[in-house]
Structure formats: C-alpha cells, structure tokens
1. Explain nothing, just the number: dipole magnitude of the chain about its Cα centre with +1 on each Lys and Arg Cβ and -1 on each Asp and Glu Cβ, in debye rounded to the nearest 20.
2. Using the count of nearby Cβ atoms within 10 Å as a rough guide to exposure, how do W9, W58 rank from fewest to most?
3. Binning at 10 Å from 0, report for the chain what percent of all alpha-carbon pair distances ends up in each bin.
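What follows draws every value from the coordinates through simple rules; no lab data is involved. Values in this document were obtained by computation on a predicted structure and should not be read as measured data. For neighbour counting, all protein chains shown are included, and Cβ atoms are generated from backbone atoms with ideal geometry for every residue, glycine included.
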Amino acid sequence: MIARTWRGWTRPEDADAYAAYIQATGLAEYTAIPGNRGAYLLHRPDGDRIEFLAVSLWTDFESIAAFAGEDIDAAVFYPEDDRFLIDRETTVRHYTVTEPIPSTSRP
C-alpha cells in the first residue's frame, strides 16, 4: 500500500470552510477512484495559520496515476483553492505503508 501526502495552509478564520471544501472535492475524488483505500484530512494550528495534511492510501502507483495523472508527484488543486490557501506544497510525497501492528491495549 502507498500513502500520498500533501500539505497546505489557511488563515484560521478559513479553516472550517476549507476543511468542508476539500472533503467535498479532493477527498471525495480520491475515494471514488478504484484502488483508493481511504483518505484523511488532518489539521493543526501552525503559528498564525492552520496547517492541513491530506493523506490518501492507495493499492499501487497506477491507482494514484488514475487520480493525479502522469506526474504523480504533482499536487492536484481545485478551483477554490486560491481563495483559501495562503501557502501550499506543489508536490506530494509517497510512502510505502508497512503492515500495521495490532494494538495490545485493552478496552
């Protein structure tokens, strides 16, 4: 399995609207592609802005290319991103996901 990650930053007052927007666009598009194994949107305060981290999980690089196009290292942007983002990465990172280790904690 492959994890694809991307980061972008918004103003604090735009964080909720951007989260809703990216869930309706990017995450919805990721999860509609065959080979996608899930997607997560994380955010945190980062000084005077909010950092977003999108993580999507894929079965293989071919599935990623079906979403991202031929250059799988290029970030994919949506029409309203310029309205929300004050900074962004233009490339993504891909990681090989190792097998999960089951939790030994008890409920």
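1. 460 debye
2. So the ranking, lowest neighbour count to highest, is W9, W58.
3. Going out from 0 Å in 10 Å bins, the chain shows 14, 44, 28, 12, 1 percent.
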